[in-house]
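Below you'll find the structure, written out as structure tokens, and then a few comments.
The values are calculated or read from the model by the stated rules, or taken from the named source; none is laboratory data. Because the structure is predicted, anything quoted here is derived from the model rather than measured. Here the Cβ positions follow ideal geometry from the backbone for every residue, glycine too, while neighbour counts run over all protein chains shown.
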Amino acid sequence: MLKDSIDTIDRLTVICFSPTRTSRKIAEAVAAGMNGTPGGTADYADASRQIRTIDLTLDRSDEPIILNSDGAVVLGAPVYAGRVAPEAVRRLRRIQVAVGASVPAVVTVTYGNRDYEDALVELYDLAVSLGLSPFAAGAFIGEHSYSTPEVPVADGRPDTLDLADARIFGGQCARKLNSSGAFAPFHIKGNRPYKEPSRPVSDTSRTAQSSSGSQAKPAPSVPLTADGCPLCGECVRVCPTGAVSIDLNVRKVLTDPTLCIHCCACVRACPAGLRTYTTPFTAFLHEHCSARRDPETFL
Ligand SMILES: Cc1cc2nc3c(=O)[nH]c(=O)nc-3n(C[C@H](O)[C@H](O)[C@H](O)COP(=O)(O)O)c2cc1C
Ligand code: SF4
Ligand code: SF4
């Protein structure tokens, strides 16, 4: 049985899926705030010594992650098309709460300054279905996966202000855990049933419209590698789904479109800047979603 409140947080565990690392940064900053780390810039590195991070981005195993009641968890996942990224849902489903244990949870989603729609309620519901006890939720902003230096969308986020907000929210979470009625129902923005999952942006049905109303060309289905690639293998290493491989016979980087989730981890990681994912959706986002949005939290 869950107590009405929790006096001390013995251990904090961040569990995240985060191809371009923004969801991880947010979840770790929230955990640092829960741990009582003071505000300021990036000072949560100290506190992270007491915080365990289980980053599932490159972990494709099916092994269960069993949680005992020795602390709280902070879940972090990106928003894809107004929902929790499906690959994040798959990986977080490995979480199991040990029999008789009760594990308080904070759920966080990170989105690219467009909208998070039903993702936060979806992550809350997922946490409940896994046997966790979510008591706080927050939607934060991260640089959009499709952002480029030429066509930026929420570039540089989460920034200092976002991380400070995440830590402040973490402090509020810790105080809520210590108060009576910590696990009473609370409101989270979003709808049930959730919006229908949309097809990938590479589908012709989702071609972006320019401001003049004309339809742009559909995006390529996977990132492309320009000529001159030295085959360093970094894109292979960072791909969460194993979609990238190197064919040494033809000396080319290959990408399996059936595995690619368009997360752009490989694009960000390419040290030569040769890997690109050019989608007309980026210009659409730049044009319509550049006004700064702020984190929204629910306790
Ligand atoms: C396939 C895909 C769909 C996305 N859909 C949305 C969306 O609906 N709303 C939004 O604001 N950002 C959207 N984004 C941007 C990501 O939510 C954002 O960049 C996030 O910070 C990425 O998290 P990560 O760094 O943990 O990978 C999408 C990104 C991808 C790759
Ligand atoms: S990371 Fe870039 S340079 Fe390295 S193999 Fe991949 S595409 Fe080529
Ligand atoms: S190949 Fe696709 S899934 Fe793999 S890192 Fe690149 S964008 Fe992500």
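Quick one: is residue 3 at pLDDT below 95 and of a type in the set (Lys, Arg)?
Considered against the rule, which asks whether it is at pLDDT below 95 and of a type in the set (Lys, Arg), residue 3 comes out as yes.
Out of the residues in segment 228-254 that are more than 12 Å from ligand 1 (Cβ to nearest atom) and buried (at least 21 other Cβ atoms within 10 Å of the Cβ), state the one that is farthest from residue 58 (Cα to Cα).
The selected residue is 253.
Name the single residue that is nearest to the chain's Cα centre (by Cα) among those in segment 226-255 being assigned to a loop (DSSP other than H, G, I, E, B) and within 10 Å of ligand 2 (Cβ to nearest atom).
239
When only residues in segment 272-282 that are in a helix (DSSP H, G or I) and within 22 Å of the chain's Cα centre (by Cα) count, which is modelled with the lowest pLDDT?
The extreme case among them is 281.
Answer yes or no: is there a residue in segment 168-175 that is in a loop (DSSP other than H, G, I, E, B), surrounded by fewer than 24 Cβ atoms within 10 Å (Cβ to Cβ) and in contact (Cβ under 8 Å) with a residue 24 or more places away in the chain.
no
Does residue 181 satisfy being assigned to a loop (DSSP other than H, G, I, E, B), touching a residue at least 12 places away in the same chain (Cβ under 8 Å) and more than 16 Å from ligand 1 (Cβ to nearest atom)?
yes
On the given criteria, is residue 258 of a type in the set (Val, Ile, Thr), touching a residue at least 24 places away in the same chain (Cβ under 8 Å) and assigned to a loop (DSSP other than H, G, I, E, B)?
Here the answer is no, as residue 258 does not meet what is asked.
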